[in-house]
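The values are calculated or read from the model by the stated rules, or taken from the named source; none is laboratory data. Computed from a predicted model, the values in this text were never measured in an experiment. With ligands, DNA and RNA removed, areas are computed over all heavy atoms of the protein, side chains included. Shrake-Rupley method; radii C 1.70, N 1.55, O 1.52, S 1.80 Å.
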Amino acid sequence: MSPSLAILEWLSQRPSRVVRPRDLRAVYSNPSAELRRLAGQGVVLRLAHGYYALAPLEWMGNRNWTPSIEVAALGIAQADHGRDATALMGISAARVLKAVPRDLSVGVVGVPVRRRPLRTVVGIVHFWHRSTETLDLQAVRTELASGWTTTACQTLLDLADRPGDGAASPPPQPRRRSGRSPPDATGPTSRPSPNTSGGGPPTGGPGGPPKGSTSTCPRPG
């Protein structure tokens, strides 16, 4: 197997299909140059400085593919912080839950550290400093990653605490702590897709999100 095919197979088997040049230092002496080469062939897409996404199989070789901002936000966050320390929140969670039908160019994702917004080819990703252990979450699966999003109830509370676009800064503090809901949600796919096929939700097996308990958010008091 050629080095390029081997690395593509490795990328396709990772929990997140977003890769950074430093992830390939053990394989290539100049991983940035290799990723630029693959981007020129339509194999990966340069999402932002230092972040590339492996194109879905049906789009492999087609340079017109782009993911939604929500898909990109979750993939980028997971590349840096892992699956279980990140979750879509705010307006992005509302989009995943189909509460906001309009396509947006703003993404919101919770991460365990403070970070500045990141400009990508599909919009701006805002990082909310949050511990996922304090949030009510349910599983979500996208073209780039399987992970977590806040539940409808948690999302409503977050957006109520931060009116407007819900992206500039996080709510003061989450109103509750709860467990994760069972992984039974399916998230958005990229735009556009000539042959989009749905996939099953992530499981709690090795490398997958853990299964949690179902809980109900309290109403705002």
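The H on the amide N of GLY110, modeled in the peptide plane, is under 5 Å from the matching H of ALA87, LEU88, MET89, TRP128, each at least 5 residues off or on a different chain. Distant-in-sequence amide contacts of THR66, defined by a placed amide H-H separation under 5 Å and a gap of 5 or more residues or a different chain, comprise ARG191.
Where the accessible area of region 33-85 is counted over protein heavy atoms with a 1.4 Å probe, how much of it, in %, is carbon and sulfur? If you can, show how the numbers build up before the last one.
Numbers: 930 of 1890 Å².
With neighbouring chains kept in place, the figure for region 33-85 is 49 percent.
Computed from backbone phi, the HN-Hα couplings of region 115-120 come to 9, 7, x, 10, 7, 10 Hz, rounded to whole numbers (Karplus: 6.51 cos²θ - 1.76 cosθ + 1.60, θ = phi - 60°; Gly and Pro given as x).
Extension gain for the segment ALA39 to LEU57, taken as residue separation times 0.36 nm less the Cα-Cα distance, is 5.0 nm to one decimal. Probing with 1.4 Å while keeping every protein chain in the model, the per residue accessible area of region 20-161 equals 40 Å².
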